[in-house]
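Here the structure is laid out as structure tokens; the discussion comes afterwards.
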Amino acid sequence: MNLNIYLGMLRQAENTLAESFRQVAEGHGAEPDVHFLCRTLAAQCDRHGELLHPVVQRYGDNSSDNEPERLHAQGLATTRNGPVGLLRDLQDLYLLASLVDVTWTMVKQAGSALRDKDLLAVVDQCDAETATQLRWLQTRMKQAAPQALVAAR
Amino acid sequence: MVDRIANIWGTRTPYSRDGLWPVRVDQVLDDGIAEGDVDRWVQSACVLCSNGCACDIAVKDGAMVGIRGRAQDLVNHGRLGPKGLFASRQGVSHKDRLRSPLVRENGQLVECDWDTAMRRIVDRSRDLLAERGPLSHGFYTSGQLFLEEYYALAVIGKAGIGTPHMDGNTRLCTATAAAAMKESFGADGQPGSYTDIDSCDALFLFGHNMAETQTVLWSRVLDRIAGPDRPRIVCVDPRNTEVARHADVHLAIRPGTNLALMHALVREVLAQGWEDAGYVRDHTVGLDGLRKAVEPWTAEAAAAVCGVPAADIRDAARIFGTSDRIVSTVLQGFYQSSQATAASCQVNNLHLLRGMLGAPGRGVLQMNGQPTAQNNRECGADGDLPGFRNWENPDHIQELAGLWNVDPMTIPHWAPPTHAMQIFRYAEQGSIDFLWISATNPAVSMPELPRIRDILAKPDLFLVVQDLYLTETAQYADVVLPAAGWGEKTGTFTNVNRIVHLSDKAVDPPGEARSDLDIFLDYARRMEFTTLNGGPLLDWTGPEDAFEAWKSCSRGRPCDYTGITYDRLRGGSGIPWPCNEDNPNGTDRLYGDGVFPTDPDYCESYGHDLLTGATVGAQAFRAQDAGGRALFKTAPFHPPHEEPDEDYPLRYTTGRTAYHFHTRTKTGRSRPLTDAAPRAWVEVAREDADRLGISEGDLVRVTSRRGRIEVPARVSGIAPGTVFAPFHYGYWDTGGRPGVHPTAANELTLTEWDPVSKQPLFKNAAVTVEKIGDATGPAPAPTTTASRPTAAPGTTPVPATAGGDGAQATETTDTEPAPRFPDASKNALDGGRP
Ligand code: SF4
């Protein structure tokens with residue numbers, strides 16, 4: 001069974017997303033909504049990691065499979081400045097959250113095939129929150145984009 | 001004669017459940033004026049809070065010389081409160097009024113004529129539109145203009161310029177009321193009615209110090225309390241307010257923890273099976289989600305977070321769960337605090353669970369702060385679209401484009417309208433260069449004032465300020481426009497109870513001052529805004545044209561005004577909307593049939609996730625298939641982002657006193673009101689004062705991470721660990737800038753807002769308090785309100801607040817039968833007096 005590979009990827013992706021939310025929160029303190037919500041959402045990602053823990057205990061967590069990463073999603077090392085910088089940072093978060101989202105979906109597929117109710121319950125809770133994270137990022141980006149791309153100096 | 005400073009609510013006229021609130025006509029005439037001297041009485045309503053008490057203005061020799069309440073009006077049955085009696089005309093008839101436009105020359109504001117001032121605005125506006133486009137323009141208006149003025153501004157901004165950057169200080173006072181109703185019911189629109197006070201068995205006040213914010217409405221409650229079958233009262237407020245003193249249960253909650261308490265109340269109602277299963281099944285969706293969200297919130301869990309006894313939470317829940325008719329009111333204690341929309345939606349949820357909507361004595365009043373806030377929400381000079389239209393619904397945009405005959409592309413609808421705090425952020429970053437502020441004073445009323453002052457002072461920001469006085473904000477302006485005030489212009493406005501009043505012009509404005517409507521129309525003309533066939537976008541010549549245009553815009557929407565005319569509003573009572581062919585006399589309360597405006601083609605909003613503010617979107621909203629049912633919405637509790645710590649160990653909250661409105665531009669110019677509450681203070685609990693070595697009247701410094709204030713301390717009955725400062729005290733009367741001892745409560749507040757309503761947080765910050773000087777007398781805080789002192793044993797009591805000779809009003813009872821809905825408005829239809 002290869003589910004352990006995906007559980008490893010998922011843990012890694014949630015972790016990266018949490019760190020990146022924190023990075024953006026700190027880098028954009030002058031945007032209080034971004035600052036506070038990114039901190040809240042980082043904590044949500046941490047919690048997803050904790051909820052995954054018992055699942056990982058059962059199936060294992062193979063983060064060193066032989067298949068090398070072709071696409072590197074290493075998270076935000078630093079944040080950018082200014083209105084366009086904010087937009088791009090949010091967009092990076094969006095990409096990272098999408099990776100989390102699609103990985104949850106694949107784990108859910110496996111959970112369904114395994115008829116693992118406990119795993120499916122975890123997926124249900126976490127994936128719904130990830131979906132909301134994506135929607136928030138999109139809402140905030142749509143708000144910021146016209147000003148950043150058209151009017152900002 | 002009654003001293004209405006000492007006796008804020010006047011003399012009791014008790015009545016019983018389902019009775020009519022007796023008439024009591026309150027009147028004040030200037031010294032030396034007898035009733036026979038009055039030339040004429042001009043109909044109006046008070047604009048000093050959201051209650052909108054109907055009144056008549058006494059006019060003699062072209063001046064306003066007195067005021068009296070209108071007996072036949074559904075709102076106040078003749079009464080007026082201290083602000084209406086002593087500040088409505090006194091607040092505008094003052095020597096400090098602006099009499100001519102001002103423009104900045106070599107750093108100084110100098111007088112000029114209208115043509116010079118308007119040309120300067122229009123030149124700048126045109127240049128910027130050509131250079132940088134509509135997103136360079138922002139408009140920040142008020143909760144104190146008239147409907148006609150908001151609608152003109154909305155059309156200018158949305159169809160003339162095409163900017164999404166329009167908001168009002170209604171964002172600071174009423175945004176959450178609107179947001180909570182949109183989330184729960186699908187559209188804005190007050191479900192309940194003031195008449196529900198007459199019939200209820202239980203009254204819940206959630207963060208609503210009604211005794212001070214709407215004094216006349218509180219008189220109505222006091223008269224029920226004095227009657228034979230008083231309603232039970234539950235008060236959620238950290239201060240020992242007048243409401244708390246009359247409460248059966250007072251939950252003196254820690255600021256920032258409302259949602260935890262609400263979760264516990266909802267959980268308890270569900271756990272005890274007190275919900276109305278039939279109503280829930282037929283008229284709501286989403287119960288499972290709600291049940292799951294509140295599951296962890298036992299009374300004990302909430303008690304630990306909120307700092308109130310679990311038994312009191314259970315008592316409150318029992319009253320909610322078992323009373324037959326319940327009214328809830330909600331105001332700033334919820335709206336200006338953490339998780340504002342989620343907490344306010346839980347109030348709606350409680351009522352939905354018990355089916356407590358749309359019947360006498362069963363209703364929710366999501367209150368407003370300012371007198372005309374409702375109209376800003378309806379007309380769309382704030383972050384809404386006119387007529388409660390949905391910015392995400394292309395058909396609604398098409399309707400507006402049709403009404404205005406403009407290209408739908410002009411109307412900004414690609415993103416949510418920009419909220420006030422974001423407008424100021426864009427100005428801070430320099431992408432908004434043109435900011436027009438009308439009838440409001442952000443230099444005192446917005447959070448984190450040191451930052452706001454820096455923004456207003458930015459050299460490259462072109463700032464237009466339109467006001468009655470040279471406010472703290474106007475002192476930063478490039479152009480100052482003198483506006484006509486209340487009694488000096490004609491227009492309509494709508495109170496928190498959906499009742500529309502006409503305010504007729506009684507006297508001429510001073511000097512060259514002009515009505516806000518005339519100013520906006522002049523700008524539109526000079527900008528040559530046109531419709532698709534080349535005609536002028538705004539061809540109105542006066543307020544009645546504007547009102548008629550607004551009626552077309554409101555047609556078929558929840559706030560339908562099509563059955564109202566200026567004529568109908570003259571002579572009788574104000575009329576509650578919707579008023580149309582189906583409801584010719586208006587509508588006392590909404591949702592009697594349990595049908596809510598959640599039809600996706602009709603609703604004002606597809607809603608948001610209440611934790612993050614993420615939009616739900618059309619598709620997901622349709623998938624819920626609410627189709628006329630209300631929505632149970634909530635969010636997980638999250639502790640406030642700034643909590644007390646070692647450096648800032650106390651919780652800080654701000655608010656109003658009964659004697660002042662806003663930043664005192666009007667009430668501060670009334671002798672009786674200023675004498676009652678002359679200067680700023682801070683309230684500290686007895687326990688905290690003892691620990692910090694503070695006695696009544698000592699000068700203290702209150703410091704947060706943003707700034708400091710230095711004001712005398714009032715030792716009061718506030719919850720220990722919490723301090724309170726009134727937000728009225730800026731610097732116009734002390735030289736314009738914070739001097740050595742800053743007094744504005746917002747020096748300390750933080751820049752943060754609710755994710756859904758975008759209402760800033762004024763009720764939660766961490767501060768430290770230290771004594772910096774000995775008392776020279778008691779603190780200048782009233783003794784008649786929540787700021788009542790708790791005397792230390794053995795000290796001289798603080799003298800009671802009283803008004804003396806200048807604060808006498810007559811109160812006349814039993815002159816006529818009380819007005820009743822719908823007769824009061826029906827008579828207006830027949831052209832007669834009730
Ligand atoms: S309650 Fe409000 S509207 Fe009525 S008189 Fe007082 S301030 Fe004016």
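Farthest towards the positive end of the charge dipole of chain B, among the residues B:535, B:112, B:653, is the Cα of B:653, using unit charges on the Cβ of Lys, Arg, Asp and Glu. A P(r) calculated from all alpha carbon pairs of segment B:650-802, with 10 Å bins opening at zero, reads 12, 42, 36, 10, 1, 0 percent.
Regarding segment B:573-645, what's the average projected area of the Cα-atom convex hull, expressed in nm²?
8.5
Average projection, convex hull of the Cα set of the protein assembly as shown: 39.6 square nanometres. The ratio of the alpha-carbon radius of gyration of segment B:471-576 to the globular-protein estimate 2.2 N^0.38 Å is 1.25.
Would you mind checking B:83/B:763; B:158/B:505; B:83/B:551; A:142/B:158 for any pair whose Cα atoms are more than 21 angstrom apart? From the list (B:83/B:763; B:158/B:505; B:83/B:551; A:142/B:158), the Cα-Cα distance tops 21 Å for B:83/B:763; B:158/B:505; B:83/B:551.
Using a cutoff of 8 angstrom between alpha carbon atoms and counting only pairs six or more residues apart, the relative contact order for segment B:650-802 works out to 33 percent.
A straight Cα-to-Cα reach below 18 Å connects residue B:633 with the lysines B:182, B:292, B:758, residues fewer than 8 places away in its own chain not being considered. For chain B, adding -39500 (n - 2.57) for each run of n ≥ 4 DSSP H residues and dividing by the number of residues yields -8000 deg cm²/dmol at 222 nm. The Cα-based radius of gyration and maximum Cα-Cα distance (Dmax) for segment B:465-531 are 14.3, 38 Å.
Roughly how many debye, to the nearest 20, is the charge dipole of segment B:650-802 about its Cα centre, given +1 on each Lys and Arg Cβ, -1 on each Asp and Glu Cβ, and no other charges?
On the way: 19 positive and 14 negative charges, 100 e Å.
So the magnitude is around 480 debye.
Shown here are the Rg and Dmax of the Cα trace of chain B, at 25.0, 80 Å. Here's how it looks for residue B:284: its modeled amide H is under 5 Å from those of B:630, which are all 5 or more places away or on a different chain. When accessible surface is computed with a 1.4 Å probe, chains B and A are found to bury approximately 2300 Å² between them, both chains counted.
Take B:674-686, B:556-568 and order them by the average number of nearby Cβ atoms within 10 Å per residue, most first; the result is B:674-686, B:556-568.
Interface burial in segment A:12-43 reaches 50 Å² or more for A:31, A:32, A:36, A:40, comparing the full protein assembly with the chain by itself; accessible area from heavy atoms with a 1.4 Å probe. Computed on segment B:282-419, with alpha-carbon pairs under 8 angstrom and 6+ residues apart, the relative contact order is 14 percent.
Simple rule: put +1 on each Lys or Arg Cβ and -1 on each Asp or Glu Cβ in the protein assembly as shown, find the dipole, and look at B:450, A:90, A:21; the Cα lying farthest toward the positive end is B:450. Pairs of Cα atoms in segment B:107-214 fall into 10 Å distance bins, from 0 up to the last occupied one, in shares of 10, 26, 31, 15, 12, 4, 0 percent.
From other protein chains only, count the Cβ atoms within 10 Å of every residue's Cβ in A:141-149, then give the mean.
Shielding by partners across A:141-149 averages 5.
Residues in chain B average 30 Å² of solvent-accessible surface per residue, probe 1.4 Å, ligands and nucleic acids excluded. By accessible area, using a 1.4 Å probe on protein heavy atoms only, segment B:650-802 has 53% of its surface on carbon and sulfur.
Here segment B:71-172 exposes an accessible surface that is 44 percent carbon and sulfur, computed with a 1.4 Å probe and the other protein chains kept in place.
With the highest mean first, a sort of the peptides B:233-243, B:648-658, B:503-513, B:271-281 on other beta-carbon atoms found within 10 angstrom per residue produces B:233-243, B:648-658, B:503-513, B:271-281. Toward the positive end of the charge dipole of segment B:650-802, with +1 on the Cβ of Lys and Arg and -1 on the Cβ of Asp and Glu, the farthest Cα among B:759, B:801, B:735 is that of B:759.
If you place +1 on the Cβ of every Lys and Arg, -1 on the Cβ of every Asp and Glu, and leave all else neutral, what size is the dipole of the protein assembly as shown about its Cα centre, to the nearest 20 Debye?
Roughly 680 debye, rounded to the nearest 20.
The values are calculated or read from the model by the stated rules, or taken from the named source; none is laboratory data. Since we're looking at a predicted model, the values are computed, not measured. No Cβ is skipped: glycine too gets one built from the backbone with ideal geometry, and neighbour counts run over all protein chains shown. The area values use the complete protein model at the heavy-atom level, side chains included, leaving out ligands, DNA and RNA. Shrake-Rupley method; radii C 1.70, N 1.55, O 1.52, S 1.80 Å.
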